[in-house]
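One structure is given here, and the rest of the page talks about it.
The values are calculated or read from the model by the stated rules, or taken from the named source; none is laboratory data. Because the structure is predicted, anything quoted here is derived from the model rather than measured. Cβ atoms come from the backbone with ideal geometry, glycine included; neighbour counts cover every protein chain shown. Each accessible area value is taken on the protein alone, full model and side chains, heavy atoms only, with ligands, DNA and RNA left out. Shrake-Rupley method; radii C 1.70, N 1.55, O 1.52, S 1.80 Å.
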Amino acid sequence: MSDVSIKNLKICGLCFMLMGFSVAGYAESIEESINEALQYYKNGEYKDVVDSLNYASQLIQQKRGGGLETLLPEPLSGWSTQETSSQAMGAGITAERQYSKDSSSITVQIITDSPVMQSMMIMFSNPMFATSGGGKLEKIGCQKAIVKFDPKHKQGDIKIVVANQFLVSIAGQRVSEEDLKDYAKAIDYKKLQSLP
């Protein structure tokens, strides 16, 4: 395969990524990239193998991010929301949605495949770590949560680890502790646990 053809393939791949495409398109592009990598490997073009596999990996992460987006809660009564966003980076996959009501704001994030999970697991397994920064261990629904709230400034956050692979974070400004807990309860944790 000539240098021009390889360059054209990479440009096409980038265009696909920028345009966005259907789930079927994702699967097709992922398979194409993996098959491309295999062909490059047979030809001894190892740099292009790495490029193709990295591209396939990025597409898979984007697909997982889209799955996380569907589990972010709809705005609760009286609240409005902006568009949901997700990103896949070396530090993990994050899906995020922001909610607002008057001057109050809440951000809900679901994070996976992140190095931060290790430190969160340590915090959840040792109550001393969980409470050292002013947090308290609580149960929200059936989930163990670390709740931090400053009533004076009306701000705080809730952290929940799900199935040892997802971190749910609910953070708010000019809110009540109950507002944060309501959004924590609005997440379907069973569906989250079943995500591949």
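Among residues that are out of contact with any helix residue (DSSP H, G or I) (no Cβ under 7 Å at 6 or more places or on another chain) and among the charged types (D, E, K, R), LYS154 is included.
Take LYS191 and decide whether it is part of a helix (DSSP H, G or I), at pLDDT 95 or above and open to solvent by 30 Å² or more (accessible area, probe 1.4 Å). Spelling it out, it is not the case that LYS191 is part of a helix (DSSP H, G or I), at pLDDT 95 or above and open to solvent by 30 Å² or more (accessible area, probe 1.4 Å).
Is it the case that region 114-124 has a residue that's of a type outside the set (Asp, Glu), free of Cβ contacts under 8 Å to residues at least 24 places away in the same chain, at positive phi and exposed (fewer than 14 other Cβ atoms within 10 Å of the Cβ)? No, there is no match, as no residue in region 114-124 is of a type outside the set (Asp, Glu), free of Cβ contacts under 8 Å to residues at least 24 places away in the same chain, at positive phi and exposed (fewer than 14 other Cβ atoms within 10 Å of the Cβ). Which ones in region 125-165 are surrounded by 18 or more Cβ atoms within 10 Å (Cβ to Cβ) and not in a strand (DSSP E or B)? Once the filter is applied, which keeps residues that are surrounded by 18 or more Cβ atoms within 10 Å (Cβ to Cβ) and not in a strand (DSSP E or B), region 125-165 yields ALA130, GLY135.
Residue count for region 52-94 satisfying the condition of being modelled with pLDDT under 80 and part of a helix (DSSP H, G or I): 16. The single residue among SER104, SER125, SER119, SER114 that is in contact with a Lys or Arg (Cβ under 7 Å, 6 or more places away or on another chain) and of a type in the set (Ser, Thr, Tyr) turns out to be SER104. For region 97-124, the set of residues classified as part of a strand (DSSP E or B) and either within 19 Å of ASN164 (Cα to Cα) or at pLDDT below 90 (or both) consists of VAL108, GLN109, ILE110, ILE111, THR112, listed by residue number.
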